[in-house]
Amino acid sequence: MSDKIWQWYEAAVLGRPLVVLAALFAIVAALASQAGHFKLDASADSLLLENDDDLRYYRSLVRRYGSDDFVAVTVTPRADIFAPPTLARLDSLQRELAALPGVSQVLSLLDVPLLDSPRIRLSDLSKEKRTLRTAGVDPVLARREFQNSPLYRNLLLSEDGGTTMMLAYLETDEDLENLLAERERLRLLEHEGRLDAEQARRLEQAAREFKARQAEQVRQRRATIARVRAVMDGHREQAELSLGGVPMIIADMIAMIENDLVVFGAAVIAFLVLMLTVIFRSPRWVALPMMCCLLSALAMVGLLGLLDWRVTVISSNFVALILIIAMSMTVHLTVRFRELQAARPDEELRQLLKETIRFMFRPCIYTSLTTIVAFVSLLASGIRPVIDFGYLMTIGIVFAFFLIFTLFPSFLMVLKKGESRRENDFTTRLTHSLARLTQRRHRAIAVVGLAAALASAFGIGQLEVENRFIDYFRDDTEIHRGMLLIDRKLGGTTPLDIILKADTAADAGTTPDADAGTNGDDEFDLDYLGDDDEQPPENYWLSPRKLQEIQRIHDYLETHAETGKVLSLATLSRLAEMLKDGQPLDDFETALIGKLLPDEVKNILYSPYISEDGNEVRFNTRIIDSNKDLSRRDFLHKIQSGIEDLGYDSGRFRLTGMLVLYNNMLQSLYESQILTIGTVFLAIMAMFIVLFRSFLLAAIAIFPNLLAAALVLGFMGYRGIPLDMMTITIAAISVGIAVDNTIHYIIRFKREFPKDRDYFAAIERCHGSIGKAMYYTSVTIIFGFSILALSNFIPTIYFGLLIGLAMLAALVASLTLLPSLLILFKPLGKPAAAAEEARR
């Protein structure tokens, strides 16, 4: 700090500690009062790529064909599904689910039309409405139809006939959908730089209204999911039941976030209290650091509530991070103060605090800045929750720094001086042992460091981004069990849609009527269809030739091992052919098939697979996410190329759906990893040059930290741990936090070396002073992050354990490799002749 700023600080903080404490507690209390507005977000938006054109297209598709906004209840009865008592129990379960608030309808095998039990004629489709509820239906024929039907097989009934699925559709909030559409329209204008002032105001309002309404919808749907589970619990004695679907996953992920916040917070607090007790053995030095940490975390929770800033599964560990980072700063201040107090026990308290703050301010401000740089680099990811995580932690670190450097000295000023106590003897022995190892084996340590860097580079080359969503959850969670069951028995979980557009230019004049001739009843044809200007818009695709094209693509999609259930107009075509005893539809039947179907059949077989204007058809494919050989990028490329090989120009069709959106996010991770780590490296290197005023010293300082990050990434490559939304942040955050030790060590080294210009002696003194603080903070960070292993979200577990591993590597490198490089390269100049002579 400059002299003027320091004078103001000393007068304000050290001169009026009670006023400062009152102001700090008032600020924290005001923020804490908003903690009740703190909200969580586990929506699909929180797992998708920002400004993704495929996302905009997908949302437009949902508006055209409807959303899959349902929960899937899978039922495996202990008795035969088609036995009357079992059907009665299924009916009871369905009625109970349909009666729940928030459920619009429930579809089960009891409701869908039976077309082949026994077989009915195509012309009778609109007349006969037969289901399993119809009296006299033969259960043997019904079972055969459900197991063999191109529509129902692996959709409502598993191939083995032992598991069925009910789809409970949730009520749609039209106002929410309209707000989403408006927000996305205005965001697109903003992205393109065409947003005027009025539209900007409306965008802000629409975004705010959408968030509020979405929060209410999430609350209502969580209550609905809880009611669904309560209903299921009443039927578990007769059947094995599980729940699936996006709304259930969102509800459960929010529950996971809530649990993680509580568990992480409580576990980290307990651990920090234990660590401080073991290290300092004094209630004062447990209470003060904990107060600094807890107030920092509490203030951030309140600030997020005030700003209506939602926490996602990615940022759910922010409380633990704030506690750990705040503790790191507080421990450094505590160790330095106790060090001065032990050296000068008769010095007055104010002077000791003044020297502590002055001594530690520069390294702490730089360590905070480097950590901020690490989190700011996450803004380059393009993934909204990762970006928000970067912003959130940046604000949290700034606030923690401000609070600690005001609360710590103010609180001590109102206390008595206290007695000086000796530090932990084990820590002293450990740091001195590492100092002696470095002095004796500095060349060998440098060689080992270089070899580790080369080995890590090879492991990094094996990093992958491909991972399965099902692997994000522990095997014993309902999300994992439900997805696995649906994957294995009911046609797959992850949707992929292929939209094929009409090629009107190439097919001009080839409408079904132009090709007609099979039926020959022109008068009837005209009576039904009306004149040319009134012909139904769907007739582009409704000819035998076009249906054959659709069937060819449908068959191609079914050939892949990654593919589960495929539905399209080909499904309807095959059902119709089945009703004609295998005879293909003629031109007239094809053109009228949409009109022949009753509404309940049309809504299942026809409307979801052809647009209202007749310009496009849709192939709804579900992918087996649990397939261990699934590579989304390769699979999508294979589908794209395969359809092109069938003769369709890439401009005529488009792949969309959650599989595409999730793959886009995954593929952005590797590029983002390079961009973020590169940004962190350049920014920290520039800060080191400014701080140390030496390029050589900056290069020496950065190498051990990059090595720590590289070791973790290399370990991930060797172990086959893929990059995901959480692990993408590890390298940048590891470097950002790990450099704290390097900064503290080198700043202390630069102060110690001039005393005798002896590199070896300076290292001995640094290990015996700042080395202990580095050890305390690193152990705190390592075990603090390891607590994240308590999560049910696997990426969070990896995040915690791998950050802990990176910090362990950084601590060892800072206390061995860093001083070895200082000895080898001598960045502060030649040692004194006496010191050089003593080493010979």
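The values are calculated or read from the model by the stated rules, or taken from the named source; none is laboratory data. Every value quoted in this text rests on a predicted model; they were computed, and no experiment measured them. Neighbour counts run over all protein chains shown; Cβ positions are idealised from the backbone, glycine included. To get the accessible areas, we keep the full protein, side chains included, count just its heavy atoms, and leave off ligands, DNA and RNA. Shrake-Rupley method; radii C 1.70, N 1.55, O 1.52, S 1.80 Å.
Select from region 547-583 the residues that are of a type in the set (Gly, Ala, Ser) and either open to solvent by less than 30 Å² (accessible area, probe 1.4 Å) or touching a Lys or Arg at 6+ places or on another chain (Cβ under 6 Å) (or both) and list them in ascending order.
First, pick out the residues of region 547-583 that are of a type in the set (Gly, Ala, Ser): 561, 564, 568, 570, 573, 576, 582.
If the condition is that a residue be of a type in the set (Gly, Ala, Ser) and either open to solvent by less than 30 Å² (accessible area, probe 1.4 Å) or touching a Lys or Arg at 6+ places or on another chain (Cβ under 6 Å) (or both), then Gly564, Ser568, Ala570, Ser573, Ala576 are the ones that fit.
In a loop (DSSP other than H, G, I, E, B), touching an Asp or Glu at 6+ places or on another chain (Cβ under 8 Å) and either crowded, with 19+ Cβ neighbours inside 10 Å or among the hydroxyl-bearing types (Ser, Thr, Tyr) (or both): does that describe Ser315?
Working: in a loop (DSSP other than H, G, I, E, B): yes; touching an Asp or Glu at 6+ places or on another chain (Cβ under 8 Å): yes; either crowded, with 19+ Cβ neighbours inside 10 Å or among the hydroxyl-bearing types (Ser, Thr, Tyr) (or both): yes.
In short, yes.
Could you list, in sequence order, all residues of region 327-353 that are open to solvent by 50 Å² or more (accessible area, probe 1.4 Å) and farther than 19 Å from His744 by Cβ?
Within region 327-353, Arg344, Pro345, Asp346, Glu347, Glu348, Arg350, Gln351 meet the criteria.
Quick one: would you say Ser626 is on the phi < 0 side of the Ramachandran plot, hydroxyl-bearing (Ser, Thr, Tyr) and assigned to a loop (DSSP other than H, G, I, E, B)? Show your work before the answer.
Numbers: on the phi < 0 side of the Ramachandran plot: yes; hydroxyl-bearing (Ser, Thr, Tyr): yes; assigned to a loop (DSSP other than H, G, I, E, B): yes.
Considered against the rule, which asks whether it is on the phi < 0 side of the Ramachandran plot, hydroxyl-bearing (Ser, Thr, Tyr) and assigned to a loop (DSSP other than H, G, I, E, B), Ser626 comes out as yes.
Please count how many residues of region 693-719 are open to solvent by 30 Å² or more (accessible area, probe 1.4 Å) and in a helix (DSSP H, G or I).
9
In region 584-596, which residues are in contact with a Leu (Cβ under 6 Å, 6 or more places away or on another chain) and open to solvent by less than 40 Å² (accessible area, probe 1.4 Å)? Spell out the reasoning first.
Applying the first criterion (in contact with a Leu (Cβ under 6 Å, 6 or more places away or on another chain)) to region 584-596 yields 590-591, 596.
Of everything in region 584-596, those that are in contact with a Leu (Cβ under 6 Å, 6 or more places away or on another chain) and open to solvent by less than 40 Å² (accessible area, probe 1.4 Å) turn out to be Thr590, Ala591.
Looking at Pro118 and the list (1) touching a Lys or Arg at 6+ places or on another chain (Cβ under 9 Å); (2) open to solvent by 40 Å² or more (accessible area, probe 1.4 Å), which single condition is not satisfied?
Pro118 satisfies every listed condition except (1).
Give me a count of the residues in region 403-430 that are modelled with pLDDT of 75 or more and either in a helix (DSSP H, G or I) or of a type in the set (Lys, Arg) (or both). Even if it seems obvious, please write down each step before you answer.
From region 403-430, those modelled with pLDDT of 75 or more are 403-415, 426-430; that's our starting set.
From what's left, either in a helix (DSSP H, G or I) or of a type in the set (Lys, Arg) (or both): 403-413, 426-430.
The qualifying residues number 16.
Which residue pairs have Cβ atoms closer than 9 Å, lie 6 or more positions apart in sequence or on different chains, and pair a first residue in region 74-90 that is under 16 Å from Ala135 (Cα atoms) with a second residue that is at pLDDT below 95 and part of a helix (DSSP H, G or I)?
Every condition considered, the pairs that remain are Phe82/Pro139; Phe82/Val140; Phe82/Ala142; Phe82/Arg143; Phe82/Phe146; Ala83/Pro139; Pro84/Pro139; Leu87/Pro139.
Every residue in region 218-263 that is open to solvent by less than 10 Å² (accessible area, probe 1.4 Å), β-branched (Val, Ile, Thr) and touching a helix residue (DSSP H, G or I) at 6+ places or on another chain (Cβ under 6 Å), please.
Within region 218-263, Ile225 is the sole residue that qualifies.
Check off (1) open to solvent by 20 Å² or more (accessible area, probe 1.4 Å); (2) free of Cβ contacts under 8 Å to residues at least 40 places away in the same chain; (3) over 18 Å from Phe318 (Cβ atoms) for Leu805 and give me the number that stays unchecked.
Result: Leu805 passes all but (2).
Could you count how many residues in region 137-153 are touching a Ser or Thr at 6+ places or on another chain (Cβ under 6 Å) and not in a loop (DSSP other than H, G, I, E, B)?
Summing the residues that are touching a Ser or Thr at 6+ places or on another chain (Cβ under 6 Å) and not in a loop (DSSP other than H, G, I, E, B) in region 137-153 gives 3.
Picking from Leu682, Leu636, Leu666, Leu659, which residue would you name as being surrounded by fewer than 16 Cβ atoms within 10 Å (Cβ to Cβ) and in a helix (DSSP H, G or I)? So that I can check it myself, show each step before the final result.
On the way: Leu636 fails: surrounded by fewer than 16 Cβ atoms within 10 Å (Cβ to Cβ); Leu666 fails: surrounded by fewer than 16 Cβ atoms within 10 Å (Cβ to Cβ); Leu659 fails: surrounded by fewer than 16 Cβ atoms within 10 Å (Cβ to Cβ).
Result: Leu682 is the single residue among Leu682, Leu636, Leu666, Leu659 that is surrounded by fewer than 16 Cβ atoms within 10 Å (Cβ to Cβ) and in a helix (DSSP H, G or I).
Suppose we filter region 298-312 for residues that are part of a helix (DSSP H, G or I) and open to solvent by 10 Å² or more (accessible area, probe 1.4 Å); how many remain? Spell out the reasoning first.
Applying the first criterion (part of a helix (DSSP H, G or I)) to region 298-312 yields 298-306.
Narrowing further to those that are open to solvent by 10 Å² or more (accessible area, probe 1.4 Å): 298, 301, 303, 306.
Total satisfying the criteria: 4.
Here is a check on your reading of the model: is Ile372 within 28 Å of Ile770 (Cβ to Cβ) and surrounded by fewer than 24 Cβ atoms within 10 Å (Cβ to Cβ)?
Working: within 28 Å of Ile770 (Cβ to Cβ): yes; surrounded by fewer than 24 Cβ atoms within 10 Å (Cβ to Cβ): yes.
Taking the combined requirement at face value, the residue satisfies it.
Pull out all pairs, ordered by first then second residue, where Cβ-Cβ is under 7 Å, the residues are six or more apart or on different chains, the first lies in region 230-259 and is outside any helix (DSSP H, G or I), and the second is open to solvent by 10 Å² or more (accessible area, probe 1.4 Å) and aliphatic (A, V, I, L, M).
Close Cβ pairs satisfying both conditions: His235/Leu241; Ser242/Leu485; Gly244/Met483; Gly244/Ile486.
How many residues does region 537-569 contain that are of a type outside the set (Asp, Glu) and free of Cβ contacts under 8 Å to residues at least 40 places away in the same chain?
If we filter region 537-569 for residues that are of a type outside the set (Asp, Glu), which is where we start, we get 537, 539-548, 550-554, 556-557, 559-561, 563-569.
Still in the list and also free of Cβ contacts under 8 Å to residues at least 40 places away in the same chain: 545-546, 548, 551, 559.
Qualifying residue count, region 537-569: 5.
Here are Ile746, Ile787: which of them is buried (at least 21 other Cβ atoms within 10 Å of the Cβ) and closer than 19 Å to Leu697 by Cβ? Please lay out each step first, then the result.
On the way: Ile787 fails: closer than 19 Å to Leu697 by Cβ.
Testing whether each residue is buried (at least 21 other Cβ atoms within 10 Å of the Cβ) and closer than 19 Å to Leu697 by Cβ leaves just Ile746.
For Pro722, only one of the following conditions fails: (1) at pLDDT below 90; (2) in a helix (DSSP H, G or I); (3) open to solvent by 10 Å² or more (accessible area, probe 1.4 Å). What is its number?
It fails just one condition, (2).
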